[in-house]
1. Looking at (1) loosely packed, with under 11 Cβ neighbours inside 10 Å; (2) within 21 Å of the chain's Cα centre (by Cα), can you tell me which one LYS171 breaks?
2. Which of the following residues is among the basic types (Lys, Arg), over 30 Å from LYS171 (Cα atoms) and modelled with pLDDT under 90: LYS100, LYS7?
3. Where the second residue is among the charged types (D, E, K, R) and surrounded by fewer than 19 Cβ atoms within 10 Å (Cβ to Cβ) and the first is closer than 18 Å to ILE148 by Cα and at pLDDT below 90 and lies in the stretch 41-59, which pairs have Cβ atoms under 8 Å and are six or more apart or on separate chains?
4. Any residue in the stretch 19-39 that's surrounded by 11 or more Cβ atoms within 10 Å (Cβ to Cβ) and in a helix (DSSP H, G or I): show its pairings with residues that are modelled with pLDDT of 75 or more and of a type outside the set (Phe, Trp, Tyr) at Cβ separation under 6 Å, as long as the two are six or more apart or on different chains.
5. If you check GLU263 against the conditions, is it modelled with pLDDT under 90 and either within 12 Å of ARG60 (Cα to Cα) or surrounded by 11 or more Cβ atoms within 10 Å (Cβ to Cβ) (or both)?
6. Among the residues of the stretch 58-108, which ones are part of a loop (DSSP other than H, G, I, E, B) and surrounded by 14 or more Cβ atoms within 10 Å (Cβ to Cβ)?
7. Of all residues in the stretch 198-224 being farther than 16 Å from GLU182 by Cβ and of a type in the set (Val, Ile, Thr), which is surrounded by the most Cβ atoms within 10 Å (Cβ to Cβ)?
Amino acid sequence: MEIIEIKQAEMLQAINRSEVDIQVSTAKQYPRHLPDVLNKIATYATMDTDTAEDCFYALRRGNGNDQQVIEGLSVRMAEIIASAWGNLRVQTRIIGNDGKTITTQGICHDLETNVAVSVEVKRRITDRKGNTYSEDMQVVTGNAASAIAFRNAVLKVVPKAVTKRVIEDVKQVALGKSIDLETSRQNAIKNYAKRGVTEEMLLSYLDINSVLDIDKEKLFTLKATLNAINEGTATVQDEFIKPMEEKKTAEEKKADLKNKKSEAPEMP
């Protein structure tokens, strides 16, 4: 009797290879139809205004005239695109934790075109004082990093040129809220207040002087920024608290310098 030793790693590789082969065969048998894909994306993303709003993130960078708004597609939008695009194999996993950062890998494989992309996302797991997060917070950070890795991998495989037009339509739905502007402002302020962001911080972030200056475009920015915070792309500390502290420090230094100049004795 011949004894055959089967190694677990080799067995898993064989199973995975078999699964991929079956998925590729199925994808070739039932290829995607682009008009249907775009229609599905639009239908899913515009089911209601809240869903459309959740499809974007926004981050403000720079100060004054150099300030820019960086917009992108959120994790929720990537999930919608992946579902509508079909014939995709997507997976994420944590591949590193050195006590300071967590590294997550996202892999997306288009089974029809055989295009595969692998991306890595790093997220810090230490606070401002250098203390390492608790185990629970590390899990939360890891989950957020995995979600972002999923999004980045999917959006690198699905061509932006294909989805660009329908994404603009989704954005218009997100901008066109059915409730009045004042109610929208107050809702945005309340949502940020729950996260420790004051009205003063919001005005500084948007580079405006009054709540009345918050129009639909700025409301969209606030909602998209909140999406970025919720999915782990940004933090309240980095976007609001730290910039406000730096701004106040700069203003205090400027005031001190002005006082010193006014107190200095005049030269005869």
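1. That leaves (1) as the condition not met.
2. Only one candidate qualifies: LYS7.
3. ALA58/GLU71
4. Here the result reads GLN23/LEU111; VAL24/LEU111; ALA27/ASN87; ALA27/LEU111; ALA27/GLU112; VAL37/ALA84; LEU38/VAL166, each pair linking the stretch 19-39 to a residue that is modelled with pLDDT of 75 or more and of a type outside the set (Phe, Trp, Tyr).
5. Working: modelled with pLDDT under 90: yes; either within 12 Å of ARG60 (Cα to Cα) or surrounded by 11 or more Cβ atoms within 10 Å (Cβ to Cβ) (or both): no.
Answer is no for this residue.
6. Matches in the stretch 58-108: SER74, GLY86, ASN87.
7. Among those that are farther than 16 Å from GLU182 by Cβ and of a type in the set (Val, Ile, Thr), it is THR221.
The values are calculated or read from the model by the stated rules, or taken from the named source; none is laboratory data. Given the structure is predicted, the values throughout are model-derived calculations rather than measurements. Positions of Cβ are backbone-derived with ideal geometry, glycine not excepted, and every protein chain shown enters the neighbour counts.
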